1. For the stretch 36-49, indicate whether the set of residues that are part of a loop (DSSP other than H, G, I, E, B) and either at pLDDT below 95 or among the hydrophobic types (A, V, I, L, M, F, W, C) (or both) is non-empty.
2. Looking at (1) basic (Lys, Arg); (2) surrounded by 14 or more Cβ atoms within 10 Å (Cβ to Cβ); (3) at pLDDT below 90, find the lone condition where ARG6 falls short.
3. Can you tell me how many residues within the stretch 63-81 are within 21 Å of GLU91 (Cβ to Cβ) and of a type outside the set (A, V, I, L, M, F, W, C)?
4. Among the residues of the stretch 106-121, which ones are closer than 28 Å to ASP36 by Cβ and of a type in the set (Asp, Glu)?
5. Quick one: would you say GLY62 is touching a residue at least 60 places away in the same chain (Cβ under 8 Å) and under 20 Å from LYS129 (Cβ atoms)?
6. Name every residue in the stretch 74-93 that is under 14 Å from the mean Cα position of the chain (by Cα) and over 17 Å from GLY62 (Cα atoms), in order of residue number.
7. Looking at the structure I just gave you, is GLU53 on the phi < 0 side of the Ramachandran plot, surrounded by fewer than 17 Cβ atoms within 10 Å (Cβ to Cβ) and modelled with pLDDT of 95 or more?
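The values are calculated or read from the model by the stated rules, or taken from the named source; none is laboratory data. Predicted model only: the values in this text are computed from it and were never measured. A quick note on method: Cβ atoms are made from the backbone with ideal geometry, for glycine too, and the neighbour counts reach across all protein chains shown.
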Amino acid sequence: MDEQQRDIIDVNPPVADLVPQAETSGASSIPADELDRITADIIRGLKTVYDPEIPVDIYELGLIYKVDLNDDRLLTVDMTLTAPGCPVAGEMPGWVEEAVRGIEGVEEVKVNMTFDPPWTPEKMSDEAKLELGWL
């Protein structure tokens, strides 16, 4: 019996494999091990939000531009959409806020929408490109 080779994407990688793709500042009074855990939890949360027209999560699509957790535990997420006229433009920030609210170590969440710079397919991760058949 022939075994077919398949590409397998681990949607629940170990914490060590969750590498931030958005901008980070690096300076924090939050202990490094706690910051690493919070970062991994934020990435997991963001990966639960999907663009309704594209079967890929917003994190892998490259829609998250910046994530900032300040010393007061306010998490600010700067994000965009694949197009300014996206039909869920008014709802997506709420989905993102809901996905990361409640993470241990995060007290408050603020989501900012921006279209500068505009999103392009080049912002997608290789995982997203593979999922869409672009690789």
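1. Step one: filter the stretch 36-49 for residues part of a loop (DSSP other than H, G, I, E, B), giving 47-49.
Checking the rest, the ones that are also either at pLDDT below 95 or among the hydrophobic types (A, V, I, L, M, F, W, C) (or both) come to 49.
Checked against the condition, which is being part of a loop (DSSP other than H, G, I, E, B) and either at pLDDT below 95 or among the hydrophobic types (A, V, I, L, M, F, W, C) (or both), the stretch 36-49 yields at least one hit.
2. Condition not satisfied by ARG6: (2).
3. Looking only at the stretch 63-81, we keep the residues that are within 21 Å of GLU91 (Cβ to Cβ), and these are 63-67, 75-81.
Next, only the ones that are of a type outside the set (A, V, I, L, M, F, W, C) stay: 65-66, 76, 78, 80.
Of the residues in the stretch 63-81, 5 are within 21 Å of GLU91 (Cβ to Cβ) and of a type outside the set (A, V, I, L, M, F, W, C).
4. GLU107, GLU108
5. Numbers: touching a residue at least 60 places away in the same chain (Cβ under 8 Å): yes; under 20 Å from LYS129 (Cβ atoms): yes.
Yes, satisfied.
6. LEU75
7. Values: on the phi < 0 side of the Ramachandran plot: yes; surrounded by fewer than 17 Cβ atoms within 10 Å (Cβ to Cβ): yes; modelled with pLDDT of 95 or more: no.
So GLU53 fails the test.
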